[in-house]
Every structure is written in structure tokens, then in C-alpha cells.
Amino acid sequence: MKSLVELKELKEKVQIDLEKTEKKILVCGGTGCVSSGCKEVQEALSSELAANDLEDEYKIVETGCHGFCEKGPLVIVYPEEVFYCKVSPEDTKELVEEQLLKEEVVEKLLYQDPVSKESISSYRDIAFYSAQQQTALANCGHIDPEDIEEYIATGGYEALGKAVTEMEAQEVIDEVKEAGLRGRGGGGFPTGLKWQFTRDAENDTKYIICNADEGDPGAFMDRSILEGDPHKVLEGMIIAGYAIGADKGYIYVRAEYPLAVKRLKKAISQARERGLLGENLFGTDFDFDLHIKAGAGAFVCGEETALIASIEGKRGMPQSRPPYPSQEGLWGKPTNVNNVETYSNISTIITNGADEFSSVGTEDSKGTKVFALAGKINNTGLVEVPMGITMKEIIYDIGGVIPNDKEFKAVQIGGPSGGCLPEEKLDLPIDYDSLTDAGAMMGSGGLVVMDEGTCMVDIARFFLDFTVSESCGKCTPCSEGTQRMLEILERITQGKGKEEDLDELENLGKTITDTSLCGLGKTASNPVLSTLNYFRDEYEAHVNDRTCPAGACKPLIEYHVTDDCSGCTKCVDECPADVISGEKKEKHAIDRTECTKCGVCIDVCPFDAIIKK
């Protein structure tokens, strides 16, 4: 691309071409919908269009993740914007005949509000979407991520052109500083300040790295952005390279994300073909190129110094700091490391200005944040909301309340390094400092909702088990301390805990926080410390009464048949362990010495005559 004028001319041409094909069918092609069968839906749609001579009238576009993963495969018909959920290949015949030929919506495929039971035809009217404010996700689910021209039609790469032709490098950094953008990958360090440190480091060779090593259980924010809008990430990285004086960058993405890797490779190739990567960008003397490094899936490589070691071909283990990567990073050279979502915000800041970006959010946490909403919630998926929104708004307005008439109990925010917060914290505004003060953290954006059936002791054990298995083993507080904590939690959930175990957990947790080498170790005990703080009564019930109030810890529960049993024998027939006996029309009995406590009997009993004690 020789000039910004040339880019804008191409944008106008592509927009005109796209307007000619206003009749289109968008099929979500994110990993979630792929696993639900979206490829088969696309094939079936193509066949039905051909059978009805509509293949020249309607264009099928495979997009990135549209966010509403719970309801996939998702199909949106334009120009009417009719939003269809859980579409199967068998549904496509009816969809084409009713929606495309008769212009009648297919009622059974519409989204149904879990509270009002109302069927909604436009995704814009669904609370899951209407309460969001999208910046990083603005194009995801709306464009073909494998077509650079569709990205350019949205204004893509104009921010890059503006930066390298109209702004000095320091002006770019100042704009990012003024916007108040903080890193979206964990601790929330100010992005502009990190860029400034790297720019000020004296060295002729500098590097840009995108940390796409997303390893938190239940987190898929970065993956979805890379799959749905890879060019936005590339553009942010190139702008960062111009700002700090780097001419080469690396995207460190885990190999378990094959679709993201595929689309990144294609995006990089297309950018090179268009002259948006390589030498003399926009006719200037600025050169920049990008490479992909596939990681092997080690959680610790999400820590920037371990990630850098992995790119260098070494074992991914954290290093002592200082020196920080901005001083001595990749191959000993000054290196700037940000995550996927952080880079995705850069083009918006440069295009619209710092004032517009900073008008959203709170005083110290500007802009929006992407969360992966999962767990015991009706509407799971990917959401982007303004900083300062409360967790109650996310869980109840966007998430659509707790299913099966269960009561909300807790929310785990920030992944395995975050904390569990109770119902009384639901009105807490979501920003970096408020969450830290409450014993949690923003992290990369995992948000797991739990209901009354979740045992908080067991959930702490679950997250700590993950941390123990992913510890790199370099420092003793993390590798040995978390193992000791896990052993205590396992004893407690088995009904073998002691009163002094609770104090021991707190002491170990605080010591690990204070003495671990890297950020992952320092936050490893957060799930334990936060549950001890907010749900200590559950720990005490396990230790003192040998009971699990949530009825989740198998060694502490028993299944009993009540007098409501009618002797229907359904539980007898379905029990996989064959430990239920009884004749028809007689009360049944469970051999509790052999019972595996799988819960099948409770699920199949039509009279609710089997209970957990």
C-alpha cells in the first residue's frame, strides 16, 4: 500500500461491491459453532440455495465468533437481520423456503428469552447483545475474517496509515497514554507507559510480541478475536512497532487453536500482498513484518518472560525481574509484550482519538472489557461491556439469570489466578482496582458463574489442582507450596480435615503470594484465600461437621430413598452400579456401601423420592 489515499480508494470500491450483495446469510464460524456443526449447516444451505435457484441472489459468508456460543450454530439472514439459533442441517430446507422465499420467519429457530419466553427475531433486541458495547469485538461475527477487503471496508488499516504518515512515533504513544488503555491480559499495566519504556530503551533492535497464549479454564476471548478479526490485531501490532521503533513482531499463539492459527497465517499473507506488512509501509521508511510462534500449551508461558524464553527455543520458565522485557526481552533486546485484546483496541484509539475512547469506563479503568461468560448461567458466550458495569448487570441482564430456578452463589473472575466473590459483591463495579481490593482480579477476562449446588471448597481445590499441574517448578513457594495447599484441600473435601488446616491454608497462601517468582505464582492462592474469606462457613462445615452444604463432595454425602417412593423401579433399571433393590410398588433401598454416588437415580426419579444427605 503506497499511500493512505490509495487505501481509502480501495475502501470505497469494496464498500460499493459489498452493497451489491446486500442479500447474504452469515454463518458463525467460530470454534464453538464449528464444534456444533456449522460446516454441515453451510453445506446444507448451499444445497438448498442451489435447489431453489437462489445461489446467485444470496451469498453465504462464514464469519468469526458472534459471541452467543450457547445457541450455536448461529445463522443471520440479511437484509432483514433475522437471527436463528441452534440451526441444524435438517432445518435449512424450512429456513430457505419460509425465510427466503416467503419472507416468513421460522419461529422454532428464533431465540426465546428465558424469563419472558418471548421469541425475538433480531439479535439487536436480545439482552445478551443489547447490553454490550463492542470495540475489540466490533467486527467479529459481521465480516469474513479471511477476506482482507472486508476488513478494509470497515476502515481497517486506516489507523496504521494515519499513524505512519501523519503522526510522529511519540505522538502515537502519547495518544495511547491519554486514552488510559491498560493491558487486558492480567495485571492492567498502562499500555502507553509500557510502550514508552520500550521506546526509551537504547538499542537499534527492538521487538513486538502479541501474547495469545490463553490458558485459563473457561477463557476464549483471545481465540475468538483472532478467529473473527485477525487483521485488527495485526494493525495494532504494526502501530505499536512504529511507536517503539521495532521492525519485527511475533504472535505467540497456542497450537491448540488451529482455526486461529490458520486465519492468522492467511491474514499475514494478505497483509504482505497488499503492502501492509513488509518494507516502506505507506511510502515511508518504516518497515515491519510479523511471524507466528505456536506454543505447546504450557499455562506458564502466558507469563511474558516464560513466553519470551519459549520463542527463543528454551524451556518456558519465568525469569527474575528487573530487567523487564522493555529493557531486555527477546534475545536480550527491548521488547513490548501485550495481549490480543490490548492490540485490538489500538486502531480505535488512533482513528477516533483518546478522548472518545476514555469517555467510556471509570476514572482509572478506561474503555471496554471482553469476558468469557460461562458456568451456571442461561446465556453463555463472549461479551464486551464498558468498564464500571456491575457483575449483577452482566450475570442477570446479559447472562439471563441462573437456570433451573437455582440461587446464585458465587462468581469466579480472573481465571485460576482470580478470586471467588459472593452475592453481596454483585454490585461491585468491574474495574481493575475494585476487583483487586475485593480479593479477585480482572485477569484476561474469564467469568464463571456458580449456583447453590457448587461447593466452594471443592471449586478452590479444582482451580488449585490446575495451578499445581501447570507450575513450572522453578521456584519452591509455587511448586511446593501449592502442592501442600492442594493436599490439605483434598483432605477437607474427603471429610478428613482438621481445624488447624484452615489457618495453615491462609498462612501458606499468603507466603506463596509474597515469595513466588512470577505473577502466576503470586496469584495462585487467590481462589483459596477468597473462598476462605467469603465462604469460611463451608470450610468449617466440612471440617467440624463432616458435611458438604452444597452436597457436591462425594465422600461426605449419602443417597437415601424417602417414603415418597412409589416403587416404580425406574431407579432400579437405570442404576449403573446395580445397587438399588426393591419390588414394584414397594419402597426401594440403596446399598450405600457400594453406591458410586453418580446421581442417576435422582435424575430419573419422577417423584423426587431420592435425596442427598
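Tabulated data
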read-out	value
Candidate lysines - alpha carbon under 20 Å from residue 474, same-chain residues fewer than 8 apart omitted	314, 510, 522
Pairs from 13/266; 59/262; 162/366; 117/369 whose Cα-Cα separation, in the structure shown, is over 25 Å	117/369
Within the chain, percent of DSSP bridges classed antiparallel, to nearest 5	55
Förster radius 25 Å - calculated FRET efficiency between residue 18 and residue 97, Cβ distance, rounded to 0.05	0.40
Cβ-placed point charges (K, R +1; D, E -1), dipole of the chain about Cα centre in debye, nearest 20	1580
Stretch gain in nm, segment residue 436-residue 255, where the contour uses 0.36 nm per residue and the Cα spacing is subtracted	62.0 nm
Using a Förster distance of 30 Å, the FRET efficiency for residue 596-residue 115 (Cβ separation, nearest 0.05)	0.25
In order through the stretch 595-609: 3J(HN,Hα) via Karplus (6.51 cos²θ - 1.76 cosθ + 1.60), integer Hz, x for Gly, Pro	4, 8, 6, 7, x, 4, 4, 5, 5, 8, 5, x, 10, 6, 8
Highest-first arrangement of 520-527, 369-376, where packing means the average Cβ count within 10 Å	520-527, 369-376
(i) 348; (ii) 163; (iii) 172, with the label sought being that of the calculated volume of the Cα convex hull per residue in Å³	(ii)
Derived scalar couplings ³J(HN,Hα) [the stretch 259-276; Karplus, 6.51 cos²θ - 1.76 cosθ + 1.60; whole Hz; x for Gly, Pro]	5, 5, 4, 4, 6, 5, 4, 5, 5, 5, 4, 5, 5, 5, 4, 8, x, 9
Helix-only CD estimate at 222 nm, as mean residue ellipticity for the chain, using -39500 (n - 2.57) per DSSP H run (n ≥ 4)	-10500 deg cm²/dmol
Cα lying deepest toward the dipole's positive end in the chain, options 533, 172, 27, charges on Cβ	533
Length added when fully stretched, residue 573-residue 407, from 0.36 nm per residue minus Cα-Cα	56.6 nm
Local electrostatic count at residue 71 - Lys and Arg +1, Asp and Glu -1, tallied over other residues with Cβ under 14 Å	-1
Using θ = phi - 60° and Karplus 6.51 cos²θ - 1.76 cosθ + 1.60, couplings along the stretch 290-303 (whole Hz; Gly, Pro as x)	10, 9, 9, 10, 8, x, 8, x, 6, 4, 5, 6, x, 7
Label point distance in nm, residue 504-residue 50, each placed 7 Å from Cα along Cα→Cβ	6.8
Placed amide H near residue 247: partners under 5 Å, 5+ positions off or other chain	206
Alpha-carbon centroids, the stretch 181-231 and the stretch 28-52: separation in whole Å	34
Alpha carbon centroid spacing (whole Å) that separates the stretch 338-392 from the stretch 478-510	36
Distant-in-sequence amide H partners of residue 338 (H built 1.01 Å from N, under 5 Å)	209, 211
Eligible lysines near residue 584 by straight Cα distance, threshold 16 Å, same-chain separation 8 or greater	570
Label-point separation, residue 205 to residue 166 (7 Å along Cα→Cβ), nm	3.5
Solvent exposure of the chain as accessible area per residue, Å², 1.4 Å probe	41
Potential extension, residue 562-residue 515 segment - 0.36 nm per residue separation minus Cα distance	11.7 nm
Label-point gap, in nm, between residue 262 and residue 607 - each point 7 angstrom along Cα→Cβ	5.4
Interchain or long-range residues, amide H under 5 Å from residue 419's placed H	413, 441
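The values are calculated or read from the model by the stated rules, or taken from the named source; none is laboratory data. No experiment lies behind these values; they were computed from the predicted model shown. Neighbour counts are summed over all protein chains in view; Cβ atoms, including those assigned to glycine, are modelled from backbone coordinates with ideal geometry. Only protein heavy atoms, including side chains, enter the accessible area calculation; ligands, DNA and RNA are left aside. Shrake-Rupley method; radii C 1.70, N 1.55, O 1.52, S 1.80 Å.
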